[in-house]
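Bear in mind that the values in this text are calculations on the coordinates, not laboratory data. Not measured: the values here are computed from a predicted model. Glycine also receives a Cβ, built like all others from the backbone with ideal geometry; neighbour counts cover every protein chain displayed.
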Amino acid sequence: MVKNRLASGLLLALVYATQAGNDSCSGDILNDSGFDLWCGEELCSWQVDKGEVRKAATWSEADPGVELVGDEVAISQRTDTRAVSCVRFDLVADIDLDATVVLEMDLFDDGVVDYSEQLPTAAWQELSYQVPMPEHYQGIRFRLRKSGPGHAVLAQIRARDESECEGTRLAQPIEPLGADCWGVEDQDLVLLHELCASGTCAVTDPAEFSPAVCSECDGPEDCDGFEVCGLESRVASFLGPYRTCVAAASRGLGELCAGDDECATGVCCGGRCADCCAADQRDCSDGSACAAGEARAPDRCGGDRASGAACLDDGDCASGACRGEGPLQVCLADGRLCEENPDCPPDGTQDEDEFGSCAPIGVLRGICD
């Protein structure tokens, strides 16, 4: 049973890693290739990190470019791409002698520039760069940075998944918390501790798209006597929930969990803190039926709960009032905590394949009045 679950999880993870952040038909990695989707006078898919930009005419009225205005300008876009072995970056550039424009790639979006290439002085010249990628990475922030007073306009920008390219791979970056750190050998999961900045790669069953990720702990022995090795689920969309030391019984109904001891209810079922667990026949303590949760909700017992009992919504409580730390919002993809849709991994519910849906399912760490 465990082996079958592991095999299924590995298959899901491999499929997700292959598809995440990519248009399977065109091979495009970036959104809004060509800068043709402006929201008024602002770029929709690219963010302005520094300086000013404006829409600029090119050789075609139907194909506007972006002018980088001023001495210091930077624009960027993050993609959740994780399984591309070769990135081909194309653009058309009009760059004066007294302007310096640099293309950068920041793997894991951690502020460390992993690739940098200065674009040449050009007059509407087509430029193309092929970059062999490291074996393990998740997420790329593409950045175009300009310095100097000269004129610089960029157009038809595109990054694609190329089948192969020559040259040396980019150096393998040290991976942050939540990054995948696993491989498969003879159909067995292999933990790659050496990839992690923390030095610990731990299995995180609730992180359904990542069987194992870089973590801060791997068991109770890694935490002090007042904490347990639980799960941190509020992470960037391209990373996975990771194991970390948390206070015992600190997670509320519906939050992701790695074990019973981190849940206020004392029950972790299917990776979520629950009242009971239909799957392994852990019944409700009050004798009521254990109702299996749907749409990322936990398994639950009946209502009429006394003051101070854990709750998910007002209907759970005899008082009719469930108070907590605000709404409990989770990603439909894997149940991690979220604030808005871009916090979530792709799940097929959005037009943009860069993110999924963040949905409210109750009250965060609710307690009956």
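In loop segments of the range 52-128 as defined by DSSP, there are no trypsin sites (Lys or Arg not before Pro) with at most 10 further C-beta atoms inside 10 Å of their C-beta. A Gaussian network model of the chain, with springs between Cα atoms under 10 Å, assigns the largest mean-square fluctuation among CYS344, CYS276, CYS284 to CYS284. Taken over the C-alpha atoms, the range 249-361 has Rg and Dmax values of 14.6, 45 angstrom. Ordered by the count of other Cβ atoms within 10 Å of each Cβ, fewest first, SER198, SER215, SER288 give SER288, SER198, SER215.
Measuring from label point to label point, each 7 Å out along Cα→Cβ, what is the ASP63 to GLU117 span in nm? In this crude label model, ASP63 to GLU117 measures out at 1.9 nm.
Between LEU256, LEU328, LEU91, the GNM of the chain built on Cα springs shorter than 10 angstrom shows LEU91 fluctuating the most. Once the Cβ-Cβ distance of SER45 and ASP90 is raised to the sixth power relative to R0 = 22 Å, the FRET efficiency obtained is 0.85. First select every other residue whose beta carbon is under 13 angstrom from the beta carbon of ALA297; then total the charges, Lys and Arg +1, Asp and Glu -1. Here the count lands on -3.
In the range 25-145, taking the dipole from charged Cβ atoms about the Cα centre, the farthest positive-side position among GLY27, ALA93, GLY65 is held by GLY27. The orientation-averaged shadow of the Cα convex hull for the chain, equal to a quarter of the hull surface, comes to 21.3 nm². Counting only the Cα atoms, the range 135-265 fills a convex hull of 202 Å³ per residue. Computed over the range 51-156, the percent of Cα pairs more than 16 Å apart is 58. Annotation: amide H-H contacts under 5 Å for ARG305 (H modelled 1.01 Å from N, sequence separation of 5 or more, or interchain): CYS317, ALA318. Compared with the alpha-carbon gap, the fully stretched path from LEU192 to THR100 is longer by 29.1 nm at 0.36 nm per residue. Counting other Cβ atoms within 10 Å as a rough exposure proxy, the listed residues THR79, THR349 run THR349, THR79 from fewest neighbours to most. Magnitude of the charge dipole for the range 167-317, about its Cα centre and with charges confined to Cβ atoms of Lys, Arg (+1) and Asp, Glu (-1), is about 420 debye. Ranking CYS245, ALA297, VAL213 by how far each Cα lies toward the positive end of the dipole of the range 180-327 (charges on Cβ) leaves ALA297 at the top. Considering the range 112-177 at the alpha-carbon level, its Rg and Dmax are found to be 14.4, 44 Å.
In summary, the range 179-233 shows an alpha-carbon radius of gyration equal to 1.16 times the 2.2 N^0.38 Å reference for compact globular proteins. Largest GNM mean-square fluctuation across GLY254, GLY293, GLY356, computed for the chain with C-alpha springs under 10 Å, falls on GLY293. In a fully extended conformation the segment linking SER285 and ARG169 would gain 36.1 nm over its present Cα-Cα distance, using 0.36 nm per residue. For GLN47, the shell of other residues with beta-carbons less than 11 Å away shows a net charge of +2, using +1 for Lys and Arg and -1 for Asp and Glu.
Charging the Cβ of each Asp and Glu at -1 and of each Lys and Arg at +1, and nothing else, the dipole of the chain about its Cα centre rounds to 300 debye.
Projecting label points 7 angstrom from Cα along Cα→Cβ for GLU126 and GLU185 puts them 4.6 nm apart. Compared with the dominant principal axis of the Cα atoms in the chain, helix 2-19 is inclined by about 20°. Ordered by the count of other Cβ atoms within 10 Å of each Cβ, fewest first, TRP182, TRP124, TRP46, TRP59 give TRP59, TRP124, TRP182, TRP46. Counting Lys and Arg as +1 and Asp and Glu as -1 over every other residue whose Cβ lies under 15 Å from the Cβ of GLU164, the net charge comes to -1.
Could you give log10 I(q)/I(0) at q = 0.18, 0.25, 0.27 Å⁻¹ for the range 300-365, computed by the Debye formula over C-alpha point scatterers of equal weight, without solvent? Taking Cα atoms of the range 300-365 as identical point scatterers yields -0.66, -0.91, -1.00.
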